[in-house]
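Only the coordinates and a few stated rules stand behind these numbers; no lab work does. The model shown is predicted, which means the values in this text are computed figures rather than measured ones. Heads up, the Cβs are rebuilt from the backbone with ideal geometry, glycines too, and the neighbour counts pull from every protein chain shown.
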Amino acid sequence: MGLLYILPNSENQDDRVIIDSNQITLKSYGLPYVFWGYLIAFLFTLIIMYVAIEAPITKLKEIGGNLNLFLGHLVTSMFYILPIVVISFFFFEKRILKSKSKLTIKYILFGVPFKNHSFQLASANAFIIEHHLDSPNIAKIKKSPQTRPFENHGHYHLYAKSQNEKNILIDRHSRGSDLKKLAALLSKY
């Protein structure tokens with residue numbers, strides 16, 4: 001989720017970084033404001049679609065039969081489930097808590113924690129950054145100055161090495177320098 005939900009990488013971001021006695025808590029940023037515009041457009045489109053098919057779906061349910069009822073309820077439930085799923089992306093937060101060699105990653109949805117992972121790290125600064133490029137595109141292969149803006153540069157993963165030598169994915173980012181700053185910030189505490 002790091003490509004979409006970015007974590008802070010410096011201590012001077014007061015609303016996203018909480019420093020207690022020997023513990024740091026990092027809270028991910030929400031989606032950019034342009035996504036709220038996308039949400040409004042999506043919900044408006046969904047309302048228009050619901051108004052357009054409400055009469056045929058009601059008729060389908062009135063006809064009866066197992067298949068007709070199933071399809072009617074399936075389509076109707078889709079119009080209730082889709083907005084909830086899409087809105088949940090706007091109220092998702094990832095928190096990283098680090099104290100010495102203990103690392104905790106919390107996932108919070110609508111203000112309620114739903115997933116929590118705690119790990120003992122091999123050391124206080126056991127962080128590894130790896131570059132991933134699944135498939136270079138033609139622009140990357142040819143290395144032409146005209147096609148440089150179109151090159152696929154891949155993305156980076158920040159891992160923490162646990163005591164039992166497992167790599168734990170902490171964050172992903174399109175810029176490796178931001179993950180280096182994040183690893184340095186986590187290593188301080």
ask   = So what J values fall out for the range 6-18 if you push phi through Karplus, 6.51 cos²θ - 1.76 cosθ + 1.60 with θ = phi - 60°, rounded to Hz, Gly and Pro as x?
value = 8, 9, x, 10, 9, 6, 8, 9, 4, 7, 10, 10, 10
query = For T25, T45, what ranking results if the residue with the fewest other Cβ atoms within 10 Å of its Cβ goes first?
reply = T45, T25
key: Two-site FRET efficiency, S77 against V34, from Cβ-Cβ distance with R₀ of 30 Å, rounded to 0.05   = 0.55
task = Read phi for every residue in the range 103-115 and hand back ³J(HN,Hα) as whole Hz from Karplus 6.51 cos²θ - 1.76 cosθ + 1.60, θ = phi - 60°, with x for Gly and Pro.
result = 10, 10, 10, 10, 10, 10, 10, 6, x, 10, x, 10, 8
FRET efficiency for D15 and I48, using Cβ-Cβ distance with R0 set to 45 Å, rounded to 0.05 = 0.75
Phi-based couplings in Hz for the range 40-57 (Karplus 6.51, -1.76, 1.60; Gly and Pro marked x) = 4, 5, 5, 5, 4, 4, 5, 5, 4, 5, 5, 4, 5, 10, 4, 5, x, 5
task = Decide, for the chain, between rounded, prolate and oblate: order the square roots of the alpha carbon gyration tensor eigenvalues as a ≥ b ≥ c, take rounded if a/c falls under 1.5, and otherwise choose prolate if a/b is larger than b/c, else oblate.
result = prolate
task = Name the shape class, rounded, prolate or oblate, that the alpha-carbon gyration tensor gives for the range 34-89, where a ≥ b ≥ c are the square roots of its eigenvalues, rounded holds for a/c under 1.5, and otherwise prolate holds if a/b is larger than b/c and oblate otherwise.
result = oblate
